[in-house]
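Working notes, structure below.
Readers should treat all values here as calculations from the given coordinates under stated rules, not as data from a laboratory. Being a predicted model, the structure only gives us computed values, none of them experimental. All Cβ positions, glycine included, derive from the backbone under ideal geometry; neighbour counts span all protein chains shown.
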Amino acid sequence: MKVLMVCLGNICRSPLAQGILEKKAADNKLSIEVDSAATSNYHIGDQADSRSISKAAEYEIDITNQRGRQIEKNDFQEFDRIFAMDVSNYNNILSLTNEKEEINKVELILNLTYPNDNMSVPDPYYGGEDGFENVYRLLDAACDVIIDQLKNE
Ligand code: 4NP
């Protein structure tokens, strides 16, 4: 199973989502490959935001090796599931493909925990530290659902 986490900058939300899911996969001895990407080209090659790195470290997750990249057409073939952090990312991802099989791989991540509500993980970039704890909790719960689904496969 290969999972791609996607947000706008690939420095705040999706690196955290990647780190959380990788840790849960390792803890559960599940073989999942996880990567993350941006819809934008703003932070290609950049390390994750220091506030995301600190938040991850609080929960014993190391995301310092991650570097920003932009989603590309090939990712639709490469990955089994593609999770968008917010509605805007979701629409931007879908604008990259017309293939039904590829479209079906794309989901809003919070629909795992709040089915059909189409909720967004709030963009914490311009906010304070509090925003990152909220993001962490939302993503932690959503990643638990991914793990449960894989265990039940
Ligand atoms: P992310 O947060 O999408 O969670 O990585 C953002 C990071 C950077 C910007 C916006 C959101 N930016 O405008 O540079």
message = Could you tell me the extents of the range 1-91's C-alpha atoms along the three principal axes, largest first, rounded to whole Å?
response = 31, 29, 22
key: 13 Å beta-carbon shell around I61, net charge (K/R +1, D/E -1)   = -3
note = Quick calc, the chain, dipole around Cα centre from Cβ unit charges on Lys, Arg (+) and Asp, Glu (-), nearest 20 debye, gives 140
query = What does the helix-only formula give at 222 nm for the chain: each DSSP H stretch with n ≥ 4 adding -39500 (n - 2.57), the total divided by the residues, and the result rounded to the nearest 500 deg cm²/dmol?
reply = -12500 deg cm²/dmol
task = Using a cut-off of 12 Å between beta-carbons, work out the net charge of the residues near D35 (Lys and Arg +1, Asp and Glu -1, D35 not included).
result = -2
task = Rounded to whole Hz and in sequence order, give me ³J(HN,Hα) for the range 125-131 from the Karplus expression 6.51 cos²θ - 1.76 cosθ + 1.60, θ = phi - 60°, writing x for Gly and Pro.
result = 4, 9, x, x, 4, 4, x
query = Which whole-Hz ³J(HN,Hα) couplings does the range 18-30 yield from phi under the Karplus relation 6.51 cos²θ - 1.76 cosθ + 1.60, θ = phi - 60°, glycine and proline marked x?
reply = 4, x, 5, 5, 4, 5, 5, 5, 5, 4, 9, 6, 9
query = Does the chain come out rounded, prolate or oblate, given a ≥ b ≥ c as the square roots of the eigenvalues of its C-alpha gyration tensor, rounded meaning a/c under 1.5 and, failing that, prolate meaning a/b above b/c?
reply = rounded
task = Mind sorting S95, S54 by how few other Cβ atoms lie within 10 Å of their own Cβ, fewest first?
result = S95, S54
note = In whole angstrom, the spacing between the Cα centers of the range 1-48 and the range 81-153 equals 11
request  = Would you calculate the separation in nanometres between label points at D148 and I103, each defined as 7 Å from the Cα along the Cα-to-beta-carbon direction?
outcome  = 2.9
